[in-house]
1. Working only within the stretch 214-229, note down all residues that are over 15 Å from residue 195 (Cα atoms) and touching a residue at least 12 places away in the same chain (Cβ under 8 Å).
2. Output the residue which, of all residues in the stretch 69-79 that are outside any helix (DSSP H, G or I) and surrounded by 20 or more Cβ atoms within 10 Å (Cβ to Cβ), is farthest from the chain's Cα centre (by Cα).
3. Considering each residue of the stretch 363-383, count those that are touching a residue at least 12 places away in the same chain (Cβ under 8 Å), surrounded by fewer than 21 Cβ atoms within 10 Å (Cβ to Cβ) and in a helix (DSSP H, G or I), and give that number.
4. Could you count how many residues in the stretch 323-337 are touching a strand residue (DSSP E or B) at 6+ places or on another chain (Cβ under 8 Å) and surrounded by 21 or more Cβ atoms within 10 Å (Cβ to Cβ)?
5. Which residue, of 82, 36, 65, is out of contact with any strand residue (DSSP E or B) (no Cβ under 6 Å at 6 or more places or on another chain) and outside any helix (DSSP H, G or I)?
6. Criterion first (in a loop (DSSP other than H, G, I, E, B), more than 14 Å from the chain's Cα centre (by Cα) and closer than 21 Å to residue 123 by Cα) does residue 182 satisfy it?
7. Specify which of the listed residues (98, 18) is closer than 30 Å to residue 366 by Cα, buried (at least 20 other Cβ atoms within 10 Å of the Cβ) and under 22 Å from the mean Cα position of the chain (by Cα).
8. Does any residue in the stretch 85-112 that is free of Cβ contacts under 8 Å to residues at least 12 places away in the same chain come within less than 6 Å, Cβ to Cβ, of a residue that is surrounded by fewer than 22 Cβ atoms within 10 Å (Cβ to Cβ) six or more places away or on a different chain, and which pairs are these?
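The values are calculated or read from the model by the stated rules, or taken from the named source; none is laboratory data. Please read these numbers as outputs of a predicted model, since none were measured by experiment. Cβ: placed from backbone, ideal geometry, glycine included. Neighbour counts: every protein chain shown.
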């Protein structure tokens with residue numbers, strides 16, 4: 001047998017892993033109520049805007065279908081930089097690099113920066129690639145605390161205590177996936193004041209959910225920094241409701257000119273993989289440069305369904321949840337004595353018995369996610385209520 005890479009064997013992605021047993025049940029004829037994956041257009045009322053789809057199709061039909069520049073279509077890079085400027089920092093089109101989703105941006109950043117033994121600090125719990133991808137460069141991801149009893153707020157003192165000269169990146173996910181926490185401007189300022197003491201460290205600002213803020217205090221992290229390099233990550237998937245287009249970007253904020261070598265490495269890696277999808281870039285361009293009033297309707301739908309989910313969880317014996325500040329996830333604590341320490345078995349048993357699919361919290365952090373499940377609250381009200389009826393029945397009968 002030809003051996004595979006030992007590092008690849010350690011890669012897990014809980015969000016997709018639980019889909020495998022669900023697919024087996026579907027093949028047997030069962031209908032699964034899926035509250036597991038953050039794909040907004042899989043749910044009624046949250047489709048990709050028509051003007052973006054039209055621009056995508058127009059690009060295809062007009063023959064604008066070949067390779068783009070490796071850093072992205074120039075018009076899109078300019079539109080993204082304009083958007084970032086509107087969020088409060090000096091961003092030029094040359095600071096923007098378009099990628100095959102935010103996940104490719106992460107892979108490129110990690111490959112450009114990390115070497116054996118480097119450390120990354122990421123929130124615990126967090127989006128799984130922040131744990132998985134750095135391993136491929138021999139780096140180590142270490143989790144800093146989010147407070148599970150205070151809406152998953154960032155534990156700033158824990159960040160302070162974990163920082164040293166081996167830390168190359170501090171990851172801030174704002175709003176957070178999977179917890180829905182949104183950081184305040186003061187918290188961001190305090191974190192920047194910590195990181196500025198370590199000249200080899202940068203901030204990775206994952207802001208893919210920035211347009212789904214329910215608190216009113218979400219701000220661009222780059223806009224707050226005059227001393228620390230910040231790489232902002234965003235894209236078309238969540239706020240523009242086009243996840244399958246796989247268009248993301250990184251935008252480099254380098255206030256003290258410390259990313260010159262990193263930028264060169266990023267550009268070399270981008271050139272080596274050619275480019276992101278040209279038609280999809282044109283669709284995103286239409287979203288950025290057209291009227292965005294439609295976003296209010298989509299956001300209102302998300303907030304309505306959030307309200308239903310919070311109300312139903314509050315009424316179910318065996319579950320608890322901290323109110324969320326943004327995104328469209330809830331990280332729900334299991335308090336039922338049979339399941340509180342076995343979240344993965346809870347998810348699989350619920351799937352098999354009641355045909356409702358969630359994601360086990362330990363898949364987002366073995367230490368800090370155990371005893372929780374992540375729930376996507378984007379389904380229509382009837383489906384949400386049916387799913388919660390089944391969850392309640394399952395817990396009652398356990």
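1. The first filter runs over the stretch 214-229 and keeps only residues over 15 Å from residue 195 (Cα atoms), leaving 214-220, 223.
Within the stretch 214-229, 214, 215, 217, 218, 219, 220, 223 qualify.
2. Filtering the stretch 69-79 down to residues outside any helix (DSSP H, G or I) leaves 69-73.
From what is left, the residues that are surrounded by 20 or more Cβ atoms within 10 Å (Cβ to Cβ) are 71-73.
Values: 71: 22, 72: 21, 73: 24 Å.
Once the filter is applied, the top-ranked residue is 73.
3. So the answer is 2.
4. Total meeting the criteria: 9.
5. On the way: 82 fails: outside any helix (DSSP H, G or I); 36 fails: out of contact with any strand residue (DSSP E or B) (no Cβ under 6 Å at 6 or more places or on another chain).
Going through 82, 36, 65 in turn, just one is out of contact with any strand residue (DSSP E or B) (no Cβ under 6 Å at 6 or more places or on another chain) and outside any helix (DSSP H, G or I): 65.
6. Values: in a loop (DSSP other than H, G, I, E, B): yes; more than 14 Å from the chain's Cα centre (by Cα): no; closer than 21 Å to residue 123 by Cα: yes.
When the stated conditions are applied, residue 182 does not pass them.
7. On the way: 98 fails: closer than 30 Å to residue 366 by Cα.
Of the residues listed, the single one that is closer than 30 Å to residue 366 by Cα, buried (at least 20 other Cβ atoms within 10 Å of the Cβ) and under 22 Å from the mean Cα position of the chain (by Cα) is 18.
8. Hits for this filter: 92/81.
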